[in-house]
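**Q** Let me begin by handing over the structure; questions about it come next.
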Amino acid sequence: MSLPMREHIQIRETVAAEMPRDLLLQADPSTARVNACLHNARCFVGEIDADIVGVYLLQATAPEVWELMNISVHAAFQMQGVGSAMLRHAIATAGAAGAIRLEVGTGSFGYQLGFYQRHGFRVTAIAQDFFLTHYDEPIHEDGIQLKDMLRLTLELR
């Protein structure tokens, strides 16, 4: 019997120049926003058999507060535990760096919201019209235009 996909993933820290932009842009379609995040973020890739299948970015935003700036999994590896393994790694990494709280921003509906909530994140704020004012092009999920960003928080201690 083979192990679940998540058991085969290796997650390692890397430098911004080695981050696959296509995966980062899958989670955030703004090149300018992705580049801005990369400037101060800790960068991680998830690999299976030496192939990059996922990425995430972490950034300290305040003393003891970190933010998950971007997390993305290659389409061929979604729904196989890769994203959950990467999120668990991000939570552990932020905690090991001294964070007491991990935050993330996401759309107000869709798979991502449930994904974070299944991992213990709770909605703590709404940034109204965030996607309307911070993006040049409309962003749609499931045929619905994103307008508001939900801010979610996970208390680590």
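**Q** Check 92, 99 and return the single one that is part of a helix (DSSP H, G or I), of a type outside the set (Lys, Arg), at pLDDT 95 or above and more than 21 Å from residue 34 (Cβ to Cβ).
**A** Details: 99 fails: part of a helix (DSSP H, G or I).
On inspection, the qualifying residue turns out to be 92.
**Q** Just to be sure I understand the filter: pairs with C-beta atoms under 6 Å, separated by 6 or more residues or on different chains, first member in region 79-108 and farther than 17 Å from residue 12 by Cα, second member part of a strand (DSSP E or B) and among the basic types (Lys, Arg). Which pairs pass?
**A** Within 6 Å, the pairs are 105/151.
**Q** Quick one: in region 11-38, which of the residues that are over 23 Å from residue 107 (Cα atoms) and touching a residue at least 12 places away in the same chain (Cβ under 8 Å) is surrounded by the most Cβ atoms within 10 Å (Cβ to Cβ)?
**A** The initial filter retains those residues of region 11-38 that are over 23 Å from residue 107 (Cα atoms), namely 11-19.
The next check asks that each one be touching a residue at least 12 places away in the same chain (Cβ under 8 Å); those that pass are 11-16, 18-19.
Values: 11: 19, 12: 10, 13: 10, 14: 13, 15: 9, 16: 15, 18: 10, 19: 22.
The residue in question is 19.
**Q** Can you list the strands (runs of 3 or more DSSP E) found entirely within region 1-84 that contain at least 2 residues being under 12 Å from the mean Cα position of the chain (by Cα)?
**A** Answer list for region 1-84: 42-48, 51-62, 65-73.
**Q** How many residues, within region 10-31, are under 30 Å from residue 132 (Cβ atoms), of a type in the set (S, T, N, Q) and touching a strand residue (DSSP E or B) at 6+ places or on another chain (Cβ under 6 Å)?
**A** 1
**Q** Looking at region 123-147 only, could you name the residues that are part of a strand (DSSP E or B) and touching a strand residue (DSSP E or B) at 6+ places or on another chain (Cβ under 8 Å)?
**A** Result: 123, 124, 125, 126, 127, 141.
The values are calculated or read from the model by the stated rules, or taken from the named source; none is laboratory data. These numbers come from a predicted model, not from an experiment. Glycine also receives a Cβ, built like all others from the backbone with ideal geometry; neighbour counts cover every protein chain displayed.
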